[in-house]
Every structure is written in C-alpha cells, then in structure tokens.
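The values are calculated or read from the model by the stated rules, or taken from the named source; none is laboratory data. Bear in mind the structure is a predicted one, so any value in this text is a computation, not a measurement. Ideal geometry is used to build each Cβ from the backbone, glycine not excepted, and the neighbour counts take in all protein chains shown. Only protein heavy atoms, including side chains, enter the accessible area calculation; ligands, DNA and RNA are left aside. Shrake-Rupley method; radii C 1.70, N 1.55, O 1.52, S 1.80 Å.
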Amino acid sequence: MATPYRLLLLLLSTSNLFLQLSSSATTNKIGVNYGTIADNLPPPSTVASFLKTQTTIDRIKLFDANPDILRAFANTNISVTVTVANSDIPSLTKLPSAQSWITTNILPFHPETAFNRIAVGNEILATSDKNLIAHILPAMKALHQALTLSNLTHIQVVSPNSLGILSSSEPPSAGSFRRGYDRAIFAPILDFHRQTKSPFMVNPYPFFGFSPSKPETLNYALFKPNGGVFDKATGINYTNMFDAQMDAVYSAMKKLGYDDVELVVGETGWPSLGDPDQPGVSLENAVSYNGNLIKHVNSGKGTPLMPNKTFETYIFSLFNENLKPTISERNYGLFKPDLTPVYDVGVFIQQHQQATGPAAMNPASGPEAMRPASGPMAMDPASGPTAMGPAGSPESSSSKKWCVPKINASEKALQANIDYVCSNGIDCGPIKNGGPCFKPDSLRSHAAYAMNAYYQQSGRHNADCDFGNTGVITNTDPGYGTCKYPYAATGSGQNVKKPDTDGGGSLKSATSNLRLYGFLSHLQFLICLCLCFL
C-alpha cells in the first residue's frame, strides 16, 4: 500500500503534467503594431500568410485603414484594429460622416476581415491640440452609433493614450490624470467605455521611464532581478516598471470611480539599436524586455492592483521601419523586412508547441532558453500538434496539407533544399526571377515553395517533408497573391533518395529511431510514477 508521502508525490507529479498540457489551451493575448513607414516591406498578403502560418500572433493594430492590408488579412482569423487619422477626427463627430467612414473602411471587408476595434486617433492628448481633444469623445460616440446601425456591435471604439495623460505616476497608488483633463475629458471617456463595454487603451513604455542616471532602474524596466520600488501607501514592492505604470493608470481611473473599466495595452516595446551614446538601447535589452513582457502578460498574473488578469497587449512593432527619423525609431521591430527575426522572443508556432508539450516539463532557463528547441522531441515532426500520422503513410484527403521550412532551419539548409529539389525534376520556375513566387526574394520564401512542390509530387508522405529535420507540415495554405502553392501531386511521385539527416542512414530509419526515443522517454516517465506505489 502506498504511503501518504508517495501518494502526495504522485499527485504533485500528475497535477504538474496536466498543468503543463493545459497551458497549450491558455489564451494568448499578444498582438503587434503593423506600421508601414518604410519602403522595403513585403506585400501585405505575404505578411498575413507569415503571421498566420508561422507565428502565434493572432491580432494586429494598424495606424490607418489601409485597404490593401485589410484585404490581405481576409479569412486569416487574425483580429484587426484600424485607426482613424488624427486629422479626420473633427469631421467624424456627426453620424452621417461616421457612417460614411464605416461604409468606406469597414463594410467592404467585413466579415472576411475580422475587425475588433476602431482606434480614434493616436495619443491625442500628447498633441495639446485643443480642437482635436474636444472632438475625441463626440467622434467615438458617432462611430459607435454608426457601427450599431450597421449591426457591427462587436467592433469596439477606443482612443490610445500615452502615459503623458498622468500628472503623477510614482508611486503607483498616487496615479492621477492631469488636472483639468481628469473630470472634463477622461471621466466622460471612461463612462463611454463603461456603457459600451469597451477598454481604455494606454501605451506604457518603460523604455522612456528608466533613468540613465540611476542604472538600477534599467533592470527594473527590463523585468530583471532588482530591489524593487516600494509603495508605502499600499505596502506593495513593485519589481517591474510595466506593472507600476499599469497600476498608476488604474489608480487614476479608480479616483474617478471607473476602476471597473478594462485596460488594453495599445503599444509597448524596446528598440534594438540606437545612437552610440543612447542609454539602454541594445539588442540584449530588447530581447529582455519584449521576451519577459510576453511571458509576464501570458502568465495571467496581472499586476498587484489588478491581479489574475491577462492584458491584451500589442508589441511595437512588427517590422523595423527604415523611413522613420531616428535610429532607435527605425529599430523597434521584431522582424526585418525579409521576415527573418531581428531577435527571438518565442512567438513562432513551432516554439509555442514545443513549450507546451512534454519537453516543457523541465524548461530551459538563461541564455539557452533563447535558442530553438533541439533534441529528439523537437526533431521529430510527428511528435507534436503538427503530427500528420505514421511516417510513410499517405495523407488523409479530408484536409489539405503543405510543407514549409521549420523556423530554426539555417540558410545553408534552406539553400541545400532548393538545390536538391530543383535538380530532381521539380519545376522551380515560379521562384525564378519573373516568376509569380519570386517575390519576396528570400531563401526562406523560395525554399518553402520548393519543399512543398517536392512534398506534393512525391506523394505527400510525412517523410517527404522531413528534409533533414528542416521541414514541417501545415494545414494553412502558404500561397499569397498570384503565388499559388501546388497542392495535388502533379505526377505519380518519384522514387528518389531524399536528403539524409546526417549523410549516413536513411531518413525513415532516422525518424523511426527518434520515435522510439520519444516512446522510451514517455515510458520512463510512467515507470517513475509507478515506482511511487512501491
């Protein structure tokens, strides 16, 4: 008979397992700001396909209502926030004008494009333009009424605010809105949000809050270990600036009686490059801030004054934008224009799946955690949610499948895949100069087309998408615009030798060995549990 101690050990082990497995079902509330002040960005259709098939990002925020982008995100299930230009606000305070704006910018794309919000201007209070400030709420009300008349009540109306709206933010319990604006401007806006069940949107930037003269505040801003900042009024010791800034806004709202209104983070981020003498700007700090922020938000811990909340948060920004005025402003992006990451903060689908599978029961920490997962569990394309059935068996015709490169595939491997496919009778004309899939002219894009063409023509077996552990099967069509990825095999398949995993044994034998390794790992885990009863 098991002792109470062994039973407790078993309970803890199994509960930990279920917690880890259930984490895959937790709501991810991380989006990105999709700015376009650049002349080298990929087509919107390419961006939409990339975000849908390669990342966990399921929502974007635009700084306009660009019709090409809205059209590109149709049928992606990625939520879209559009923005009314500051200069258009005074003209939208009357219902007919608001209806016209909805007719032009929303209705032609609905319901294929999943709109979730309209942002009225951007940080209007920071402009100190009294005319714009006076027209914010009337425009918000008119747009809300226009949406209601169009039966689009699920689309919320908001207006993003910088933390310049606060006259005091330290300590967080002392947070208050600027005098003169508190009851005249913010109380009515917060009342609108309460009535329409929409959130108050703020843009907290710890990057602008740390003090170069106080080096210890940098770790406080980056979610790194630090002594914290003590709030005497509440007895709370804040260990990161993001929580402190959010709680300062909450305190200001509470003073006006609107602490029940939800908060959404419209912008936050950290530049990866700046002027040589610009304090706090580095690739390492950008990785620390955005990576730790994402973990913190998705943990559901909330803040000390708003516990157990998962704030919807939009990282600034999706791309580095080369036409912005300063070096740091040009380098807030998570991705370069060729869709390669500036740095890795764990937003790729493959990493998310690995982080919520069995391997996550002993998560890496420190610098190693920033690297793509490796080892047998990560190498086997059939071991996670992307599994498509036993290797070597034909795919089911119930759903379409394509083959694309894994996120951690090296450029050398991608080039080798292209060379191999195009020298084995597969038509690579579409990715040659002038072909419909030549743009974007990147190794990853060209390799995706070539690898999929090979996978389709070889019979769509799982092993046909291995490519030495650099391929993964997806249910989402990676095609875009005029670039159509083949689905049905164009021939009867070729009995060609596929690239070996190490230049030695066959691909199938290597895959079989990896499955055996995974099976033995799981068996070992079960044996350990059983020993608890002995």
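Quick look at the numbers
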{"read-out": "Answer residue from region 93-104, given it is within 30 Å of residue 30 (Cα to Cα) and touching a helix residue (DSSP H, G or I) at 6+ places or on another chain (Cβ under 7 Å) and is most open to solvent (accessible area, probe 1.4 Å) among those", "value": "101"}
{"read-out": "Flag if residue 272 is under 19 Å from residue 61 (Cα atoms) and modelled with pLDDT of 95 or more", "value": "no"}
{"read-out": "Every pair of residues 6+ apart whose Cβ atoms lie under 9 Å, when the first sits in region 198-225 and is on the phi > 0 side of the Ramachandran plot while the second is part of a loop (DSSP other than H, G, I, E, B) and open to solvent by 40 Å² or more (accessible area, probe 1.4 Å)", "value": "223/239"}
{"read-out": "Subset of region 242-261 [open to solvent by 20 Å² or more (accessible area, probe 1.4 Å), part of a helix (DSSP H, G or I) and under 16 Å from residue 303 (Cα atoms)]", "value": "245, 250, 254"}
{"read-out": "Residue among 324, 336 that alone is basic (Lys, Arg) and either open to solvent by 60 Å² or more (accessible area, probe 1.4 Å) or modelled with pLDDT of 95 or more (or both)", "value": "336"}
{"read-out": "Given (1) open to solvent by 10 Å² or more (accessible area, probe 1.4 Å); (2) within 30 Å of residue 159 (Cβ to Cβ), index of the condition residue 269 fails", "value": "(1)"}
{"read-out": "Any hit, region 212-221, residues being surrounded by fewer than 18 Cβ atoms within 10 Å (Cβ to Cβ), small (Gly, Ala, Ser) and either over 26 Å from residue 286 (Cα atoms) or modelled with pLDDT under 95 (or both)", "value": "yes"}
{"read-out": "Residue selected from region 394-412 under the condition farther than 17 Å from residue 339 by Cα and surrounded by 12 or more Cβ atoms within 10 Å (Cβ to Cβ), by the criterion modelled with the lowest pLDDT", "value": "395"}
{"read-out": "Given (1) surrounded by fewer than 24 Cβ atoms within 10 Å (Cβ to Cβ); (2) in contact with a helix residue (DSSP H, G or I) (Cβ under 8 Å, 6 or more places away or on another chain), index of the condition residue 416 fails", "value": "(2)"}
{"read-out": "Odd one out for residue 282 among (1) in contact with a strand residue (DSSP E or B) (Cβ under 6 Å, 6 or more places away or on another chain); (2) open to solvent by 30 Å² or more (accessible area, probe 1.4 Å)", "value": "(1)"}
{"read-out": "Strands (runs of 3 or more DSSP E) (entirely within region 131-206) containing at least 1 residues that are among the hydrophobic types (A, V, I, L, M, F, W, C) and open to solvent by 40 Å² or more (accessible area, probe 1.4 Å)", "value": "none"}
{"read-out": "Out of 233, 221, 286, sole residue that is of a type in the set (A, V, I, L, M, F, W, C) and more than 20 Å from residue 333 (Cα to Cα)", "value": "233"}
{"read-out": "Leading residue by the ranking (farthest from residue 204 (Cα to Cα)) among those in region 112-128 that are without any contact (Cβ under 8 Å) to a residue 40 or more places away in the chain and not in a helix (DSSP H, G or I)", "value": "112"}
{"read-out": "Residue 234, sole failed condition from (1) surrounded by fewer than 23 Cβ atoms within 10 Å (Cβ to Cβ); (2) assigned to a helix (DSSP H, G or I); (3) of a type in the set (Ser, Thr, Tyr)", "value": "(2)"}
{"read-out": "Qualifying positions in region 222-231 - open to solvent by less than 60 Å² (accessible area, probe 1.4 Å) and among the aliphatic types (A, V, I, L, M)", "value": "222"}
{"read-out": "Residue that is modelled with the highest pLDDT [pool: residues in region 339-353 that are assigned to a helix (DSSP H, G or I) and open to solvent by less than 40 Å² (accessible area, probe 1.4 Å)]", "value": "350"}
